[in-house]
1. Name the single residue that is surrounded by the fewest Cβ atoms within 10 Å (Cβ to Cβ) among those in the stretch 149-196 being more than 25 Å from residue 121 (Cα to Cα) and under 16 Å from the mean Cα position of the chain (by Cα).
2. Do we find a residue being part of a helix (DSSP H, G or I) and either modelled with pLDDT of 95 or more or closer than 14 Å to residue 76 by Cα (or both) anywhere in the stretch 10-18?
3. Can you pull out the residues in the stretch 6-23 that are in contact with a strand residue (DSSP E or B) (Cβ under 6 Å, 6 or more places away or on another chain) and loosely packed, with under 14 Cβ neighbours inside 10 Å?
4. Any chance you could count how many residues in the stretch 158-179 are part of a helix (DSSP H, G or I), touching a helix residue (DSSP H, G or I) at 6+ places or on another chain (Cβ under 6 Å) and closer than 29 Å to residue 53 by Cβ?
5. What helices (runs of 4 or more DSSP H) lie completely within the stretch 66-156 and have 1 or more residues being within 30 Å of residue 169 (Cα to Cα) and in contact with a strand residue (DSSP E or B) (Cβ under 6 Å, 6 or more places away or on another chain)?
6. Pairs, please: C-beta under 6 Å, at least 6 apart or cross-chain, first residue on the phi > 0 side of the Ramachandran plot and in the stretch 4-23, second crowded, with 19+ Cβ neighbours inside 10 Å?
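The values are calculated or read from the model by the stated rules, or taken from the named source; none is laboratory data. Owing to the predicted nature of the structure, the values given are computational and were not obtained by experimental measurement. Virtual Cβ from ideal backbone geometry, glycine too; neighbours counted across all protein chains shown.
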């Protein structure tokens with residue numbers, strides 16, 4: 001798999017599919033690029049050039065002098081975009097990836113066409129946190145595949161979806177190399193320590209589509225309202241009967257909505 005190198009020479013694996021305007025997909029917490037829903041990526045690739053890439057450390061290669069933080073990830077995103085694109089790009093950020101996308105949009109507004117923010121928040125004191133039980137569960141490290149799947153199902157998917165799809169192996173059908181546990185811990189700390197960008201959101205003038213599930217227990221949907229209210233050209237879409245991971249529950253519908261927004 002090809003790699004792009006960051007300014008401090010850390011390799012980030014990436015994959016490109018499709019042709020058309022470029023959209024860069026930014027991973028959520030603990031994900032690898034292969035975990036984007038395949039049906040979502042294939043549908044986007046029908047009319048877009050889709051770039052997926054891993055955050056630093058996911059493959060076990062990191063720089064102790066440059067730990068993973070949300071601002072660091074935004075600079076890594078800049079390195080990916082500078083290497084693999086020429087001209088304006090769109091961004092699609094899921095969960096933690098939306099936080100990275102917000103940092104990037106503020107640092108490099110001239111390169112940004114449109115931005116989609118899915119199941120994310122602005123960070124800092126303005127952010128509405130999940131309940132303490134959810135925070136505690138997110139910080140644990142599952143000891144087996146079954147434990148991992150069941151925890152992911154509880155956090156990301158609605159109870160009604162799990163009931164109609166009783167086989168946990170059907171919930172997340174796309175996967176590749178496992179993420180390095182040390183990188184996952186670093187990502188969790190990065191989100192916890194992120195100072196946020198609420199006061200700067202009015203400076204993001206790119207058209208934005210802010211999407212959330214009305215049953216999200218990880219990032220309460222009020223956070224998407226905060227983003228949409230603060231960004232000058234934002235549209236809010238609240239998905240009904242949907243959890244934090246609604247991209248896994250209905251990947252084709254989400255892809256069609258994103259394609260329409262990117263034009």
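1. My answer is 175.
2. No, every residue in the stretch 10-18 fails to be part of a helix (DSSP H, G or I) and either modelled with pLDDT of 95 or more or closer than 14 Å to residue 76 by Cα (or both).
3. Going residue by residue through the stretch 6-23, those that are in contact with a strand residue (DSSP E or B) (Cβ under 6 Å, 6 or more places away or on another chain) are 11-20, 22-23.
Residue satisfying the conditions is 19 alone.
4. Matching residues across the stretch 158-179 total 2.
5. 96-107
6. The qualifying pairs are 18/48; 18/49; 18/50; 20/48; 20/49.
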